[in-house]
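All remarks here apply to the structure that follows.
The values are calculated or read from the model by the stated rules, or taken from the named source; none is laboratory data. Please read these numbers as outputs of a predicted model, since none were measured by experiment. Cβ placement follows ideal geometry from the backbone for every residue including glycine, while neighbour counts extend to all protein chains displayed.
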Amino acid sequence: MLVERESLRRFLLVYISSTIFLLGVGSYFYYKMSYQAMVERELSVLRENVDSFMSANHQKRFIKTGVQPDYLGLKIAVYINQKYYKGNFIFKDIDFSKEHFFKDKRVYLVHKERKRWGEIAFLSYKELGEEIATLQYQIILFLLFATFFIIAIAFILGKIFLKPMRKSIDSLEEFIADATHEINTPLSSILINIELFKELYPDFKRVEEVEKIESSAFRISKVFQDLSFVKLNHTQKKEIQNIRVDLVLQERIEFFETLLKNKKLQLQTKITPKELEIDREDLIRLIDNLLSNAIKYTKVGGNIFVGLEESLTVSNDGEIRESHKIMAKFFRENRDEGGFGLGLYIVEKICDSYKFRFVITSKDARVHSKIYFLIPAMQMVVFMLYLIVCMFMLVDELCFY
């Protein structure tokens, strides 16, 4: 489901963004062309208006006689030798070298004629604000409609293209569910019989072959647990209870003794009593994944440190090369090691569900994994509440005395 959603999200992002970009570019050029055509049309009308004005006032010879010309309801200003002479509007600072120009959503036409006594220019304009607003409104309306249409088509195409992937994912998940179910019974039998064998025959406890069998059985168990968590965690019922984390941690360290011994790893611990409200299986899974990861990626004869105070710390020899991918699902930095690359992904998911903060860093040739059971802000709140309670107790004692 997550893979399908991520694929759909990427497809929609690429398809919609690229299509809208092309649509935007096309709309921009359409606007420019429409705007230019509108300007040309209005300039043609202005030229006709100036011609009409000149024809209507030709007999009056208003420049020589000084009589008031008939403007025919048009916006006309007359300039002689680039100086205002007459008109029904005034416009200053005209660039007479241009045939037309724009100002305040108006297009102005400058029609010039040479006379024996000088140059006469007729200035007229046309309002474009309403037409520009109409054009912009139409383009925006088209873009909105086209965007909704593109998004709808993108979702339909995405669902069609991802349908085969959905079938493949369903088949894979069904296989994983069946495989984990089939593995569970013989695996449990192997682990139980190993423990029974060691109890019945104490001398075989430290036989290397038995330890290797137990180690291999544990690795299979670990893979099974990881797959079960990824597939079935959302359906499992949590049993939240108050648990001594230090006791569970000691138990899991003992459980890993065989693996530690096989790689000749030196383990140092600093464990203090700590209680926590959590599901026991989730706590075990957190500890097991951190310890398993540390053992797996520490070279033979290396050192591992496990600490428990207000937070759980596991550090080991090694380094992280791709820290931005380290907690990704199915990611493994070292393909030579076993597993499916689910350990840290599972740790992060469990921490998210309990609002813990999981941090993994690499420094000085060591990898440090840390789980903060209380995030720093909550730690500060708890500390402030503790101070307030202490102050009230102190005030109460002072008042009593």
- Message: Checking the condition assigned to a helix (DSSP H, G or I), modelled with pLDDT of 75 or more and surrounded by 13 or more Cβ atoms within 10 Å (Cβ to Cβ), which residue from 141, 196, 227, 162 passes?
- Response: 162
- Query: Among the listed residues 357, 332, which satisfies the condition of being surrounded by 15 or more Cβ atoms within 10 Å (Cβ to Cβ), at pLDDT below 85 and either touching a Cys at 6+ places or on another chain (Cβ under 9 Å) or of a type outside the set (Ser, Thr, Tyr) (or both)?
  - Reply: 332
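Name the single residue that is surrounded by the fewest Cβ atoms within 10 Å (Cβ to Cβ) among those in region 123-138 being touching a residue at least 40 places away in the same chain (Cβ under 8 Å) and polar (S, T, N, Q). Walk me through how you get there before you give the answer.
Of region 123-138, the ones touching a residue at least 40 places away in the same chain (Cβ under 8 Å) are 123-126, 128, 131-132, 135-136.
Narrowing the set further to residues that are polar (S, T, N, Q) leaves 124, 136.
Working: 124: 24, 136: 12.
Among those residues, the one meeting the criterion is 136.
Looking at 205, 237, can you tell me which residue is touching a Lys or Arg at 6+ places or on another chain (Cβ under 6 Å) and at pLDDT below 75?
On the way: 237 fails: touching a Lys or Arg at 6+ places or on another chain (Cβ under 6 Å).
Answer to the check: 205.
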- Message: So in region 78-122, with the set limited to residues that are farther than 22 Å from residue 40 by Cβ and small (Gly, Ala, Ser), which one is surrounded by the fewest Cβ atoms within 10 Å (Cβ to Cβ)?
- Response: 118
- Query: Restricted to region 48-73, and to residues that are loosely packed, with under 15 Cβ neighbours inside 10 Å and under 13 Å from residue 125 (Cα atoms), which residue is modelled with the highest pLDDT?
  - Reply: 48
- Item | Single unsatisfied condition, residue 157 versus (1) modelled with pLDDT under 75; (2) under 28 Å from the mean Cα position of the chain (by Cα) | (1)
- Among (1) at pLDDT 85 or above; (2) in contact with a strand residue (DSSP E or B) (Cβ under 9 Å, 6 or more places away or on another chain), residue 379 falls short only on (1)
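Take residue 271 and decide whether it is modelled with pLDDT of 90 or more and crowded, with 21+ Cβ neighbours inside 10 Å. Can you show your working first?
Working: modelled with pLDDT of 90 or more: yes; crowded, with 21+ Cβ neighbours inside 10 Å: no.
In short, no.
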- Query: Which strands (runs of 3 or more DSSP E) sit wholly inside region 237-288 and have at least 3 residues that are in the same structural domain as residue 353 (by TED's automatic domain parsing) and touching a residue at least 40 places away in the same chain (Cβ under 8 Å)?
  - Reply: 275-279
